[in-house]
Amino acid sequence: MSIAPLLNKVFMVDLIKGLKVTFKYQHPKEVYTEQYPLERPAIAERYRGLPRLNVNPETGETLCIACNLCATACPEHLIVVQSERNPATKRKEMTSFTLDISRCMFCGLCAEACSTDCLELSQDYEFALYSRDGFIIDRARMERGSEPTVYTR
Amino acid sequence: MLDYVTSYLHSSLTPGQAGNWLWALVYILVIFAGVSGIVIVMNWGERKALAHMQVRLGPMRVGPHGLMQPIADAIKLLTKEDIMPSEADKPIFWLAPVWVVMIAFSVFIVVPFGPTHAVTDMNIGILFMLGVSSLGVLGIVMAGWASNSHFPLMGALRSSAQMVSYEIAMGLAVVSAIVMTGLGGIGPYGIGSGAGSGTLSMIGIVQAQAQQHVWFIFKFFPVGLVAFFIFAVAMIAETNRAPFDLPEAESELVAGFHTEYSGLRWSLFMLGEYAGMVAVSSIAITLWLGGWLRPFPSTHGPAINIPFLWEHPEQGVVDFAFSFAPALVMLALAFFSFFNAMRMPKHPLLKIQTIGLYAFGLVLAGVGLILLAPPVRDRIQDIFWFVFKIACFMYLYIWYRATWPRYRFDQLMKVGWKVLLPLGLGVLLVTGIIGLGPEIAAWLKGVV
């Protein structure tokens, strides 16, 4: 054995280096944990969370034209769009829109398919539920968007 | 009766030596409470320091910065279901945790927190400590055997092999320190200026360090340091702590010897483990780090008599400066908690916690101010330095655990038998040769 590795071993240089690393990490600024309900994480803009149906901000009407492209694009066939033709305007109008988020994998293909930028994946991530009943979300829920849980204590 | 109580106050002996059972009982209760207090603080401190080293936060919810976490843990453990496996050997299963705690606490009989602050002083003190503390392994083996399960048995087997191997190296290191008490020279390299006290008593060992004006870690540098290093490694192995925690290796043996234990019995094992850590640390402190002596004890002069310091203000400015250390440490801790209280996020839900942290800081500052008062300041010196050194050792235990991975069993045996044992023999030999240097030189002269 050559002399340098032997001295390394005798004086436990590597072990002391390790101690130095852990000692440095004690500084409070190194802490990585988030105090979750108090501090909310910064979500990336392109994060794919709960799908949302956008409305026209001026009129409050939905942007959906009931073209059914999203339902066709969905690989799991989770989207059901129902529509009827308005006899006055001769346009198709969406009557109901449901999405089963319990099976959704947030691939974003529906949002890509949407021709009017109505369906979009929001940054909302808080949709855990106590039973399976609420996982099929409807148009009203998707237009309301993010509903973060409020903790009082 | 009153005479009996007050008569001890004027004696300069430990209650055991003075034959005063009442004060001995008081000392036992105080030491029991104190060690349990250290275990409680350690419970919080370990989780917190370990968490910060792993860039986590650790307990934060029960009290400010999780300060009440040990209490919550205690309530949880006490109210948990007490499970005893149906195929277990019931009397032994019951006895094992009791045994571990009993052994861990009975070694504190001879631990000297100050020249008079021990339950008793035996003339075979260090031998008693080593003998009794090595009985602790019996509790672990009993737990492993009585559980009637594979993982505990494996843990107990590993534990017994490990303890037997490391006890030898530990003993050799201790003998080298005891030999040093018999060499009377002054200073790190003082040789042959009269024989020393040559004692096995815990108080005697510290007094020998005071008389020789050197902590034994610096005696015959680096011989004392190497002996201390051997002991420091062996003591981690003896207490089954990382990186030598094979008997309770989580990733291999679930929880090792206490896999089948839960609730109160499990907490007794934890209490025993932490009390054992304090016990072996206090052996190391007594033998090498000057026990209750403060740093640079040699500036005292030969008449070292710390507990009655306030009667001798002429003893110098260094003593005066060091006498502020306990108060300064408490005030620093108080400042630390005020600082953290100010850094707390301003959130209505955290208001009570912030107030609690301010109150905790106030309590610490109050204790610090009490420690500033001259009579308290001088009387607390020796106890403070001993506890301060214990705290340093406890921090080192956490630091090691956070840093180093567990040794493999063959590596453990290799370190014990092929490194520490020869090293210990060498240190003992070198200590003897240096200590008997003048005699050997004289003999050689006679031969030549």
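Key figures for this structure:
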| quantity | calculated |
| --- | --- |
| Breaking point among (1) of a type in the set (A, V, I, L, M); (2) more than 14 Å from chain A (Cβ to nearest Cβ); (3) crowded, with 20+ Cβ neighbours inside 10 Å, for B:L420 | (2) |
| A:E45 being outside the structural domain of A:Y125 (by TED's automatic domain parsing) and either touching a residue at least 12 places away in the same chain (Cβ under 8 Å) or under 30 Å from A:E93 (Cα atoms) (or both) | yes |
| Considering residues of the range B:44-97 that are polar (S, T, N, Q) and over 30 Å from B:N340 (Cβ atoms) only, the residue modelled with the highest pLDDT | B:T79 |
| Candidate set from the range B:343-354 (those that are part of a helix (DSSP H, G or I) and under 34 Å from the mean Cα position of the chain (by Cα)); member that is surrounded by the most Cβ atoms within 10 Å (Cβ to Cβ) | B:Q353 |
| Residues satisfying the stated conditions in the range B:142-166, i.e. touching a Leu at 6+ places or on another chain (Cβ under 8 Å) and open to solvent by 30 Å² or more (accessible area, probe 1.4 Å) | B:M142, B:W145, B:F151, B:M154, B:R158 |
| Residue ID - farthest from A:L38 (Cα to Cα), chosen from residues in the range A:102-153 that are among the small types (G, A, S) and at pLDDT below 80 | A:G145 |
| Qualifying residue in the range B:221-239 (condition: open to solvent by 10 Å² or more (accessible area, probe 1.4 Å), of a type in the set (D, E) and assigned to a loop (DSSP other than H, G, I, E, B)) | no |
| Wholly enclosed helices (runs of 4 or more DSSP H) of the range B:2-75 bearing at least 3 residues open to solvent by less than 60 Å² (accessible area, probe 1.4 Å) | B:15-18, B:21-53 |
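Matching residues to (1) on the phi < 0 side of the Ramachandran plot; (2) among the basic types (K, R); (3) touching a Lys or Arg at 6+ places or on another chain (Cβ under 7 Å); (4) within 14 Å of chain A (Cβ to nearest Cβ):
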| residue | (1), (2), (3), (4) |
| --- | --- |
| B:N43 | yes, no, no, no |
| B:K48 | yes, yes, no, yes |
| B:M60 | yes, no, no, yes |
| B:E87 | yes, no, no, no |
| B:K90 | yes, yes, no, no |
| B:A96 | yes, no, no, no |
| B:T120 | yes, no, no, no |
| B:F128 | yes, no, no, no |
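The values are calculated or read from the model by the stated rules, or taken from the named source; none is laboratory data. Just so it is clear, the structure is predicted and the values come from calculations on it, not from any experiment. Please note: Cβ atoms are built from the backbone with ideal geometry, for glycine as well, and neighbour counts cover all protein chains shown. Calculation scope for accessible area: heavy atoms of the full protein, side chains included, ligands and nucleic acids excluded. Shrake-Rupley method; radii C 1.70, N 1.55, O 1.52, S 1.80 Å.
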